[in-house]
Amino acid sequence: MKDNQKIYIRRSMLYVPAISDKMIRKAAGLDADAVIIDLEDAVSQEKKEEARKIISELLKEVDFKGKEVVVRINSIPSGIWRDDLNAVISDKLNAILLPKVEHPEDVKMVEGEINKLKMSREIKSDISIMCMMETPLCILNAKEIAGSSPLLKALLFGAADYTKETRGIISTSRIELLYPMSVILLSARAFGLDAIDAPFFNIKDQKGLEEHCLQAKNLGFDGKQAIHPGQLETINRTFSPSEKEIEWAKRVIEVFSKAVSEGKGVCTLDGELVEVLHYRRAKRILKVTERINKGGHNEAL
Ligand code: COA
Ligand code: MG
C-alpha cells in the first residue's frame, strides 16, 4: 500500500455549472476546498462551446484563493472530451475530472492528451486527473482504474448515475451503496488516492447531509462533493478532525514517544493499546489539522 506523500485537503468539492459566469465567480470566494467547474451534465449540448469560452476566460481572470480548481470534462464516449481539454488546459487549472470512466485506458488517453497540451503550451505546473466512479463496469474495474496513471489523485463517487445503471433505489441508510463505496475507498487507499463521496441532492436537508457525511467519514472517505454553498459548512466540519480526535492524537504522540524513549514498542492510553500504527494515524490527524488551519487547500504539505 502507498501512502500519499503529499496531503491535500479535499473535504468539500463544490460543483458549479460552467455556463454560469456568476456562480463561478461566487464559488471562488466560498469556503470550498475545491471548485469543480462542470462541462458535463450541468451544461446542455448546445451550450458546450459557450461554456468552454467562459471557463478559459475566467481561469485567467478569477482568483480562486488557493482552492483546487477542477474542470469536469465530457466523457470519452461523448466524443467531445478533446475539445474540452483543448479549451481548458492552462497553468491556472489543477485537475481534470473525467466522468463515466470504465477502463484504465480511458485515463491513459486523458493523461496522454494533458501531457501533449502541457508541452505545447509550456505549462510546468501539475495538472492531475480525478475519476468519476459511476458505472457498473467502472466499479468492477476499479482496481485497474485506480492504478492506471501517475496523474490520478482522487476517485469521486457518482451515486446518481450508478443507481440509474443498477436500477436500484437509494434508501436513507444508503445500505445499497455500501458495496460500491467500499470498492472505491479500497481502490483509492491501495494506490494512495483520495476518495470523495457523492453529492447530497436535497439542498434543504442539513440533517440528512450530516448523516451521509458521517457515514462516509467513518468508512474512510476524505470528503464529499457539494452542489450548493449551504452544504459547505456541514461538509467541512464533518470531514475536519474533531476536537476529540485532535486531543486523542496529541496524547497518543506523547505517550508513544515516551514509551519509545524508554525502549518500548507498545504502551497504553486510558487502558487502550497504543502501537506504531496509532502513532502514525495520530501524526496524520495533526498534519491534516495544520494544513486546514493554514488554508490554501491545494498546496502540498
Ligand atoms: N456554486 C456557487 N454559487 C452557487 C451555487 C454553486 N453551486 N449554487 C447556488 N449558488 C449561489 C446562487 O447563485 C445564489 O447567489 P446570490 O445569492 O448571489 O444570487 C446563492 O448561491 C443562493 O442560491 P439559491 O437561490 O439557494 O440556489 P439556486 O436556485 O440559485 O441554485 C441549484 C440551485 C441547485 C440550481 C444550484 O445550486 C446549482 O446549479 N448547483 C450546481 C449543480 C451542478 O453543477 N450539478 C452538476 C453536478 S451534480
Ligand atoms: Mg454522473
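The values are calculated or read from the model by the stated rules, or taken from the named source; none is laboratory data. Please read all numbers here as calculations on a predicted model, not as lab measurements. FYI the Cβ positions are ideal-geometry reconstructions off the backbone, even for glycines, and counts take in every protein chain you see. Areas reflect the complete protein model, heavy atoms only, side chains present, ligands, DNA and RNA absent. Shrake-Rupley method; radii C 1.70, N 1.55, O 1.52, S 1.80 Å.
Let me check against my output: what whole-number percent is the relative contact order of segment 237-301, with C-alpha pairs under 8 Å and at least 6 apart? Don't skip to the end; give the middle numbers.
Values: 53 pairs, mean separation 23.2, N = 65.
It rounds to 36 percent for segment 237-301.
Which residues' amide hydrogens lie under 5 Å from the amide hydrogen of S128, considering only partners 5 or more residues apart or on another chain, with H built in the peptide plane?
The answer is A95, I96.
Would you work out which of L98, Q225, A259 lies farthest towards the positive end of the dipole of the chain? Charges go on Cβ: Lys and Arg +1, Asp and Glu -1.
A259
Could you sort the peptides 202-210, 104-112, 117-125, 236-244 by per-residue average Cβ neighbour count (10 Å cutoff), highest mean leading?
By packing density, highest mean first, the sequence is 104-112, 236-244, 202-210, 117-125.
So if I take the centroid of the Cα atoms in segment 154-202 and the same for segment 244-280, what is the distance between those two points in Å?
Comparing the Cα centres of segment 154-202 and segment 244-280, I get a distance of 34 Å.
Within the set of other residues whose C-beta is less than 12 Å from the C-beta of I54, count the net charge using Lys and Arg as +1 and Asp and Glu as -1.
Net charge in that neighbourhood comes out at +1.
Can you work out the accessible area per residue across the chain, with the rest of the protein chains kept in place, probe 1.4 Å, in square angstrom?
50 Å²
Helix-only mean residue ellipticity at 222 nm, the chain, DSSP H runs n ≥ 4 weighted -39,500 (n - 2.57), per residue, nearest 500. What is it?
-14000 deg cm²/dmol
What does the charge count near L286 come to, summing +1 for each Lys or Arg and -1 for each Asp or Glu among other residues with Cβ under 12 Å from its Cβ?
+4
Figure the gain on full extension for K204 and D21 (residue separation times 0.36 nm, minus the Cα-Cα span) and round it to one decimal in nm.
63.5 nm
Expressed as a rounded percentage, what relative contact order does the chain have, with Cα pairs under 8 Å and six or more residues apart? Intermediate values should be presented prior to the final figure.
Working: 530 pairs, mean separation 57.8, N = 301.
Computed over the chain, the figure is 19 percent.
Rounded to the nearest 10 Å², what accessible area does H228 have for a 1.4 Å probe in the complete protein model?
Near enough 70 Å² of accessible area.
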